[in-house]
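Some notes on the structure that comes next.
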Amino acid sequence: MVASDGKYFCIGSWRLACIVTIAALFQGVYTKYFFYQPLPPIFILMKRHFTICLLSLFGYSLAFGQDTVSSRYTLLEPDRVFDGRQMHNGWWVLLNGNKIEAAGEPSTIKVPAETKTIALKGETLMPGMIEGHSHLFLHPYNETSWDDQVLKESRAERTARAVVHARETLMAGFTTTRDLGTEGAGYDDVGLKTAIEKGIIPGPRMLVATRAIVATGSYGPKSLIPEADVIKGGEETDGVEGIMHTVRSQIGHGADIVKIYVDYRWGLNKTAQPTFTEDEIKAAVAAAKSSGRMVAVHSGTTEGMRRAIAAGVNTIEHGDGGTPGLFAEMKEKGIALCPTLAATEAIMSYEGWKKGVDPEPFAVKHKHEIFTEAMKAGVTICMGGDVGVFPHGDNAREMVLMAEYGMKPIDVLRSATSVNAQVFRLNDLGNIKPGYLADLVAVQGDPSADISAVKQVKLVMKDGVIYRQE
């Protein structure tokens, strides 16, 4: 068919089938109720006009494929753009559907006719932030203790909470999260991820670890009744063959990441001690890597970190047992640290510490030391706060603390975008570059000057769809 302006267009085969079907139904209704008599002339005329109307409705409005090409374009005009690496004043960003088409000085961008324009005056446009350590199935421990969440909240309640947490995460500008264990909620994170991907509920892209892996007897909740069958916060396993089987089983159930607790508070007097042997961790890493999965480990002891580093894990969470020597090894092997500063401060506050009033407790002072030593050694530092220990939606609390503990704001921004994307192998996220997915956030002000600006979210876009706009 040819449009009035001479351009060719066609109606998709499925649309044409719909039109023919409806037209046939029009005739079928008549014949069914009028004993298969031939259509009178007036009905033939009505049928012709009805079909023409259908063609107009289904065809012309969708004439050029889905829409005219230009209507798929969106131009974002902020004051500045952080592209995942550097800040650029005066840049614009052109989107084509769910992909970034161009980014740069306005004079370098060819804007198609009828492009939708969104002015972001006074704002910084940046890649959607990536949360490196979350637990969407947990909520703050000053609301309900961890034990009671695992033991006394139903799976239905925990999933309902996780749905809310996923939305809060997205609306805070975190368009991706690495969720490191459901803490007793089985494989429900896989279902949550699927629901988000299907568009049933709003939420970030998810990398899920499912049940996580713990050594038998090491993890909680604990019971004073030995015979009691108590839900555990992770999947228990033992031995080289056992841990390899558990890794493969969790992968089979949908795990994107393998999460292992290489130490925990199971020593005498509840001191933190290593759990798995070096050989067990190496076996788990081998099983995970053979499937293309990464391994993240919880570690708060020096020996636990040593074993994990020797085994070749990908990221170490918390890292409280870090030493200059271990950080040097992490740098050499390309193992990243996710320090979870916000979780430590939150737990201390739940125990009564008043920041800015009381002296810093040992745990907070130690986090300062660990974070400083890791930066000195050049270790890659992921942005991940262990959110769930503190409220979902306040993910940027970790970024503010990273700057407070000595990291330059521009490096904090990199950590939450391009660095996390690289560490987590998210090859089309974390940067504003042509061809990358349109996961974007606009914040009021300049976060490279004042990192707290990342909390002033004005626009959230994931996969080219706007979820928040102020």
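Of all the listed residues (Glu329, Glu317, Glu241), the sole one being among the acidic types (Asp, Glu) and touching a residue at least 60 places away in the same chain (Cβ under 8 Å) is Glu317. Scanning the range 95-111 for residues that are at negative phi and touching a residue at least 40 places away in the same chain (Cβ under 8 Å), we see that the one that is surrounded by the most Cβ atoms within 10 Å (Cβ to Cβ) is Ile100. Only one of Lys121, Lys198, Lys116 is within 21 Å of Tyr467 (Cβ to Cβ) and within 22 Å of the chain's Cα centre (by Cα). Can you tell me which? Every option except Lys198 fails the conditions.
The set of residues from the range 112-136 being buried (at least 24 other Cβ atoms within 10 Å of the Cβ) and on the phi > 0 side of the Ramachandran plot is empty. Phe371: more than 29 Å from the chain's Cα centre (by Cα) and not aliphatic (A, V, I, L, M), yes or no? When the stated conditions are applied, Phe371 does not pass them.
Out of everything in the range 385-411 that is within 30 Å of Gln149 (Cβ to Cβ) and hydrophobic (A, V, I, L, M, F, W, C), what residue ends up being surrounded by the most Cβ atoms within 10 Å (Cβ to Cβ)? That would be Val387. Using the structure shown, decide if Ser218 is of a type outside the set (D, E, K, R), at pLDDT below 95 and assigned to a loop (DSSP other than H, G, I, E, B). Here the answer is no, as Ser218 does not meet what is asked. Take the conditions (1) part of a strand (DSSP E or B); (2) not assigned by TED's automatic domain parsing to the domain that holds Asp256; His133 misses just one of them, which is (2). For the range 260-284, the set of residues classified as assigned to a helix (DSSP H, G or I), surrounded by 17 or more Cβ atoms within 10 Å (Cβ to Cβ) and among the acidic types (Asp, Glu) consists of Glu280 only.
Taking the conditions exactly as written (part of a loop (DSSP other than H, G, I, E, B) and either surrounded by fewer than 18 Cβ atoms within 10 Å (Cβ to Cβ) or at pLDDT below 95 (or both)), does Arg48 satisfy them or not? So Arg48 fails the test. On the basis of being touching a residue at least 24 places away in the same chain (Cβ under 8 Å) and assigned by TED's automatic domain parsing to the domain that holds Leu95, does Asp386 make the cut? Answer is no for this residue.
For Phe327, indicate whether it is over 28 Å from the mean Cα position of the chain (by Cα), among the aromatic types (Phe, Trp, Tyr) and either assigned to a loop (DSSP other than H, G, I, E, B) or crowded, with 17+ Cβ neighbours inside 10 Å (or both). No; evaluated as a whole, the condition is false for this residue. The residue that is surrounded by the fewest Cβ atoms within 10 Å (Cβ to Cβ), counting only those in the range 429-462 that are part of a loop (DSSP other than H, G, I, E, B), in contact with a Gly (Cβ under 9 Å, 6 or more places away or on another chain) and not aliphatic (A, V, I, L, M), is Lys433. If you go through the range 358-384 one residue at a time, how many are surrounded by 14 or more Cβ atoms within 10 Å (Cβ to Cβ) and in a helix (DSSP H, G or I)? Within the range 358-384, residues that are surrounded by 14 or more Cβ atoms within 10 Å (Cβ to Cβ) and in a helix (DSSP H, G or I) number 11.
Residues of the range 404-430 that are among the basic types (Lys, Arg) and without any contact (Cβ under 8 Å) to a residue 24 or more places away in the chain: Lys408 alone. Can you spot a residue in the range 107-120 that is part of a loop (DSSP other than H, G, I, E, B), outside the structural domain of Val190 (by TED's automatic domain parsing) and hydroxyl-bearing (Ser, Thr, Tyr)? Among the residues of the range 107-120, at least one is part of a loop (DSSP other than H, G, I, E, B), outside the structural domain of Val190 (by TED's automatic domain parsing) and hydroxyl-bearing (Ser, Thr, Tyr), which makes the answer yes. Taken as a whole, the condition of being buried (at least 17 other Cβ atoms within 10 Å of the Cβ) and of a type outside the set (Lys, Arg) applies to Pro202.
Here is a yes/no grid of residues against (1) in a helix (DSSP H, G or I); (2) at pLDDT 95 or above; (3) among the hydrophobic types (A, V, I, L, M, F, W, C); (4) under 30 Å from Lys193 (Cα atoms):
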position: Gln250; (1), (2), (3), (4): yes, yes, no, yes
position: Val258; (1), (2), (3), (4): no, yes, yes, yes
position: Ala288; (1), (2), (3), (4): yes, yes, yes, yes
position: Arg306; (1), (2), (3), (4): yes, yes, no, no
position: Ala310; (1), (2), (3), (4): yes, yes, yes, no
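Here is a yes/no grid of residues against (1) in contact with a Gly (Cβ under 7 Å, 6 or more places away or on another chain); (2) closer than 30 Å to Val454 by Cα:
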residue	(1), (2)
Thr175	yes, yes
Asp179	no, yes
Ile200	no, yes
Asp238	no, no
Ile243	no, no
Leu268	no, no
Thr271	no, no
Thr277	no, no
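Is there a residue being among the hydroxyl-bearing types (Ser, Thr, Tyr), within 22 Å of the chain's Cα centre (by Cα) and farther than 27 Å from Gln422 by Cβ anywhere in the range 137-160? Checking the range 137-160: at least one residue is among the hydroxyl-bearing types (Ser, Thr, Tyr), within 22 Å of the chain's Cα centre (by Cα) and farther than 27 Å from Gln422 by Cβ.
The values are calculated or read from the model by the stated rules, or taken from the named source; none is laboratory data. The structure displayed is predicted, hence computed values, not measured ones. Here Cβ is always computed from backbone atoms with ideal geometry, including for glycine, and neighbour counts include all displayed protein chains.
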